[in-house]
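Taking it in order: structure first as structure tokens, then the write-up.
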Amino acid sequence: MKNRKEKNRTENVSVRLGMLFRKKKAAVPAFLLLIVLLCLLPQVTSLYIQRNLIMVGFYMVLGFSLNFVTGYIGEVSLGHAAFYAIGAFSVSLLTTDAGMGYWPAVVLSVLLCGLFGLLLAFATMRVSGTYLAILTLAFFYLVMNIIQNWEGLTHGVVGIYDIPAANIFGFAFTMKNGGYYYCILAYVLFSILITRLLIGSRFGRAMKAVREDPLAATMAGINNQTFRVIAYVLAGMLAGLAGTLYAPFCGYINYLTFTYNMCLMILVIIITGGRGTMKGVIVGSLIIAPLGEVLRGLISLFDSLPAEYLPDPEQWRFVIYGLIMVVMMRLRPQGILGGKSRLDYRMPAGLDKKEGNG
Amino acid sequence: MFLEQIVNGIAIGMSYALVAVGYSMVFGVLRLINFSHSAVFTFGAFAVWVGVEMLHLNVFLAILAGVAITGVLGIGLNKMALEPLRKKGETGMPALITTIGMSYIIINVLTIVFGSQMRRFPALFNWGQIHIFGAAIGWQQVMIALACLVLLVTLSLIVNKTKSGLAMRAVQQQPTAAAINGINVNHVITFVFFLGAASAAIAGTLVAAYYQYVRPSFGDVIGLKAFAAAVLGGIGSLPGAVLGGLIVGVVESLAVFALGSTYIDLVAYLVMFAVLLIRPTGLLGRKGIKKV
Amino acid sequence: MLELQNVNTFYGSIHALKDESITVKEGEIVTLIGSNGAGKTTTLSSIIGTKRIKSGSIKFMGEEISGRSPHEIVKRGIALSPEGRLVFPDLSVEENLRIGAYLRKDKSEIRKSYERVYGLFPRLAERKGQPAGTLSGGEQQMLAIGRAMMNDPKLLMLDEPSLGLAPNLVIMIFELIREIRKSGVTILLIEQNANMALHIADRGYVLETGYVKLSDSAANLSKNDAVRKAYLGG
């Protein structure tokens with residue numbers, strides 16, 4: 001009897017692990033090969049390319065984070081950079097002013113971000129749709145406003161200088177030794193893992209049910225508030241984790257490091273790739289994150305023209321993000337890789353049509 | 001000092017109300033919060049600024065032209081971006097993301113054209129001060145409040161006394177029935193976008209005159225505060241928008257008085273969170289539209 | 001007057017009307033009977049233009065109207081009192097009626113229509129200023145019919161006018177439908193209450209899952225065994 005249980009358990013574990021690479025047998029070696037290649041990449045590329053790859057990595061993690069909320073719950077969050085900022089500021093303050101070690105500071109910061117995720121989930125409990133989007137934007141402004149003005153804690157507009165490099169067992173990360181690259185690569189893999197586990201779990205199935213038909217899901221006893229809260233906490237923690245690496249990567253941060261543009265960029269990433277899909281996040285961040293650099297490169301092709309006639313790649317990048325949003329919604333609202341069949345967002349019943357009896 | 005702050009609060013609050021009305025009207029007919037409204041507000045202020053400072057037009061002519069152009073922008077937003085989505089039946093998240101995208105395009109094109117720095121905006125009513133009860137109150141504030149009041153009354157007359165207004169209310173309450181009685185629902189929606197954008201342009205002009213500057217990021221915070229006002233009063237309700245605007249404006253001014261100006265922006269956000277958590281219908285809102 | 005020929009209408013992949021052909025002649029009362037989901041309401045939505053048809057033709061007064069917007073169709077003299085009444089709850093009774101005449105310009109003609117509607121439904125005249133949402137179900141039904149009459153229609157389409165009403169009100173509504181016909185309005189009527197419908201109608205169509213199953217004079221239909229069994233309670 002006991003043996004059988006034991007056997008069941010091991011089988012379960014292997015099934016679970018199998019689900020991580022569900023598709024085809026060949027997918028496992030291909031995936032491992034890809035990881036090996038990614039690991040070798042910094043050895044052969046320039047620091048400039050590596051830097052861009054690291055930025056893609058950061059946005060990939062942020063994309064996975066937002067995907068919990070926007071992809072699986074179907075709520076547009078416009079304040080996601082707030083978690084990124086909280087993670088970054090928290091780890092910086094803990095490692096500088098509080099003199100804490102890097103990894104304990106990371107753990108504390110990520111927990112703090114989870115707490116803020118919880119807070120945001122509760123504060124927005126009764127709204128959805130645009131109301132929610134605007135509240136999350138207000139949350140972003142609120143957080144940034146406090147970071148900007150609470151001089152005693154966050155050093156106000158001055159920001160935090162000399163953030164110690166992230167390190168592992170005393171081995172400090174730099175660009176040269178590829179520390180940041182491998183760390184963000186690990187975070188991306190961790191994001192994929194956690195998303196996979198989540199989709200395969202009861203949570204994933206429940207979320208799918210809620211998304212397809214909220215009313216039926218409620219009838220079936222799925223408490224979508226619980227799942228909603230879990231999604232927000234996870235999203236907060238994951239974005240915060242990215243922030244805890246971003247701060248030492250930059251070495252200096254202030255309230256202007258984290259902007260509304262960043263919030264929108266994360267959203268554009270998952271819209272481009274496809275809401276609620278993992279491939280979508282990966283492809284989206286590969287396209288969107290380097291866009292600024294690509295534009296800069298394109299514009300520099302015309303460097304024979306006087307500088308004042310050349311467009312500013314930064315601003316045009318944002319216009320392009322806006323256009324992507326509008327055009328994608330018009331032509332392919334489910335994203336490049338999103339499936340067609342999904343019914344993902346609906347007005348709550350009774351809103352689109354008011355009752356005749358008033 | 002106290003009285004002055006109250007008057008400041010009323011002036012700025014009435015401007016919030018004028019912006020809030022735009023959110024409310026569009027919400028009324030489409031059940032959609034037009035996220036691009038704050039960008040339209042900024043666009044309106046810039047349109048007038050161009051007329052006054054670059055083309056050196058007469059101020060009233062500049063305002064008229066700026067408001068008309070902004071109204072056309074509102075129509076364009078609806079026709080180009082939102083109407084095609086409605087035809088496909090995609091009214092939820094795609095419509096929301098489209099309005100976010102439109103607002104982002106407008107703001108960044110403004111930044112490309114005008115730069116991100118502050119531009120001096122003429123104080124429209126720089127007529128000195130009135131002294132009442134020992135307080136010195138600027139004509140500027142009084143006139144802004146009055147101008148908003150006149151516009152809000154006009155809007156309310158349009159909604160409640162004209163045939164177009166009747167059609168608006170009909171579409172708002174029962175779109176299907178409006179259509180089968182021969183109301184062209186798309187025309188009504190276009191008209192609402194025009195009205196909303198035009199009033200946002202006027203509000204943008206007045207707020208720019210109040211602070212005496214304009215820049216592309218100018219509407220971000222004010223748009224949010226106006227939305228807070230609309231939510232507080234009850235979205236979809238015109239008197240609600242006015243009440244909400246006044247409360248947010250006055251509370252904010254008094255908060256400056258009591259707490260200093262550092263955290264002033266937080267007041268409106270906290271009000272918004274509180275309202276949407278405790279009473280999402282707002283003060284004067286109808287029950288049926290609780291969750292959006 | 002109204003002629004539907006081989007009309008096909010879909011809701012997504014659901015084929016709601018299948019080659020439906022229906023004719024309504026001037027001055028008639030024609031009724032569509034059938035169970036839920038037979039396609040009765042879809043027929044009316046297809047005529048008034050809130051639902052696009054996939055193929056076939058709909059001619060009104062000899063003119064093709066399919067593919068046109070509702071406001072263009074309404075302007076030609078068709079009015080619909082919809083299922084579920086759909087009055088405007090926050091508008092007053094009078095404003096509701098005003099919307100019925102939305103496309104008409106002539107003020108004095110509109111005034112005549114008010115008088116006519118208030119003559120048919122004195123109750124509405126008593127409640128002119130009241131918000132429609134505060135009316136009883138029967139009064140809302142009267143308002144929905146009255147609103148449709150305000151368009152001064154040549155063809156009046158009524159979708160379930162007796163639904164949810166007390167028996168004495170049902171009789172009253174049917175009396176009124178007769179009276180409206182007498183004033184020269186052609187009527188296309190949908191009813192669950194097939195007994196009453198066939199009683200006042202000239203002709204009827206029996207719809208089943210999107211098909212026209214039977215069409216005959218109302219008198220013959222009431223005698224038809226299959227119809228009696230399925231819709232008239234034996």
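Within region C:30-49, being of a type outside the set (A, V, I, L, M) and in contact with a helix residue (DSSP H, G or I) (Cβ under 7 Å, 6 or more places away or on another chain) holds for C:Thr31, C:Gly34, C:Gly49. Filtered by the rule that a residue be surrounded by fewer than 24 Cβ atoms within 10 Å (Cβ to Cβ) and part of a strand (DSSP E or B), region C:31-57 gives C:Ser55, C:Gly56, C:Ser57.
Of all residues in region B:216-243, those being surrounded by fewer than 24 Cβ atoms within 10 Å (Cβ to Cβ) and more than 14 Å from every other protein chain (Cβ to nearest Cβ) number 1. Every condition in (1) under 30 Å from B:Val185 (Cα atoms); (2) in a helix (DSSP H, G or I) is met by B:Phe35 except one, and the failing one is (2).
Within region B:75-85, the presence of a residue that is exposed (fewer than 15 other Cβ atoms within 10 Å of the Cβ) and more than 30 Å from A:Met265 (Cα to Cα) is excluded. Scanning region B:244-269 for residues that are under 14 Å from the mean Cα position of the chain (by Cα) and surrounded by fewer than 22 Cβ atoms within 10 Å (Cβ to Cβ) yields one hit, B:Leu246.
Contact map, region B:67-95: residues that are farther than 18 Å from A:Met325 by Cα paired with residues that are among the polar types (S, T, N, Q), Cβ distance under 8 Å, separation 6+ or inter-chain. Pairs shown: B:Val67/B:Thr205; B:Ile75/B:Thr190. In this structure, B:Glu90 does not qualify as among the charged types (D, E, K, R), in a helix (DSSP H, G or I) and either over 19 Å from A:Val76 (Cβ atoms) or within 14 Å of chain A (Cβ to nearest Cβ) (or both).
Could you identify the single residue in A:Ala85, A:Ala121 that is assigned to a helix (DSSP H, G or I) and within 14 Å of another protein chain (Cβ to nearest Cβ)? Before the answer, list the steps.
On the way: A:Ala85 fails: within 14 Å of another protein chain (Cβ to nearest Cβ).
Within the list A:Ala85, A:Ala121, the selection yields A:Ala121.
Here region A:166-175 is the region considered, the condition is being in a loop (DSSP other than H, G, I, E, B) and within 24 Å of the chain's Cα centre (by Cα), and the residue that is modelled with the lowest pLDDT is A:Met175.
Each row is one residue, and each column tells you yes or no for (1) touching a helix residue (DSSP H, G or I) at 6+ places or on another chain (Cβ under 9 Å); (2) modelled with pLDDT of 85 or more; (3) on the phi > 0 side of the Ramachandran plot; (4) surrounded by fewer than 17 Cβ atoms within 10 Å (Cβ to Cβ).
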{"position": "A:Thr195", "(1), (2), (3), (4)": "yes, yes, no, no"}
{"position": "A:Phe203", "(1), (2), (3), (4)": "yes, no, no, no"}
{"position": "A:Val210", "(1), (2), (3), (4)": "yes, no, no, no"}
{"position": "A:Asn223", "(1), (2), (3), (4)": "yes, no, no, yes"}
{"position": "A:Ile230", "(1), (2), (3), (4)": "yes, yes, no, no"}
{"position": "A:Met237", "(1), (2), (3), (4)": "yes, yes, no, no"}
{"position": "A:Tyr255", "(1), (2), (3), (4)": "yes, yes, no, no"}
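Among the residues of region B:1-32, those identified as under 27 Å from B:Val188 (Cβ atoms) and among the aliphatic types (A, V, I, L, M) are B:Met14, B:Ala17, B:Leu18, B:Val19, B:Ala20, B:Val21, B:Met25, B:Val26, B:Val29, B:Leu30, B:Leu32. Within region B:123-141, residues that are in a strand (DSSP E or B) reach partners that are crowded, with 18+ Cβ neighbours inside 10 Å and not hydrophobic (A, V, I, L, M, F, W, C) with beta carbons closer than 7 Å, at six or more positions or on different chains, in the pairs B:Gln129/B:Gly138. Could you grab me the full set of residues in region A:111-165 that are within 18 Å of the chain's Cα centre (by Cα) and more than 15 Å from A:His80 (Cβ to Cβ)? Across region A:111-165, the qualifying residues are A:Leu111, A:Leu112, A:Leu115, A:Leu118.
Among the residues of region C:97-126, which ones are polar (S, T, N, Q) and closer than 21 Å to C:Arg85 by Cβ? Listed by number, the list holds a single entry, C:Ser113.
Which residues, taken from region B:264-284, are in a loop (DSSP other than H, G, I, E, B), within 10 Å of another protein chain (Cβ to nearest Cβ) and β-branched (Val, Ile, Thr)? None - no residue of region B:264-284 is in a loop (DSSP other than H, G, I, E, B), within 10 Å of another protein chain (Cβ to nearest Cβ) and β-branched (Val, Ile, Thr), so the list stays empty. Here B:Ala170, B:Ala145 are screened, and the one residue that is facing another protein chain (nearest Cβ under 8 Å) and surrounded by 21 or more Cβ atoms within 10 Å (Cβ to Cβ) is B:Ala170.
If the condition is being modelled with pLDDT of 90 or more and touching a Gly at 6+ places or on another chain (Cβ under 6 Å), then region C:149-173 contributes C:Met150, C:Asn151, C:Pro153, C:Lys154. Using the structure shown, decide if A:Leu291 is within 18 Å of A:Gly335 (Cβ to Cβ), more than 14 Å from the chain's Cα centre (by Cα) and not β-branched (Val, Ile, Thr). Taking the combined requirement at face value, the residue satisfies it.
Condition check for B:Ser116 on (1) among the polar types (S, T, N, Q); (2) within 7 Å of chain A (Cβ to nearest Cβ); (3) surrounded by fewer than 16 Cβ atoms within 10 Å (Cβ to Cβ): one failure, at (2). Every residue in region A:270-316 that is within 27 Å of B:Pro216 (Cα to Cα), modelled with pLDDT under 80 and in a loop (DSSP other than H, G, I, E, B), please. Correct list: A:Pro306, A:Leu310, A:Pro311, A:Asp312.
The values are calculated or read from the model by the stated rules, or taken from the named source; none is laboratory data. This one's a predicted model, so the numbers in the text were calculated from it and none came from an experiment. FYI the Cβ positions are ideal-geometry reconstructions off the backbone, even for glycines, and counts take in every protein chain you see.
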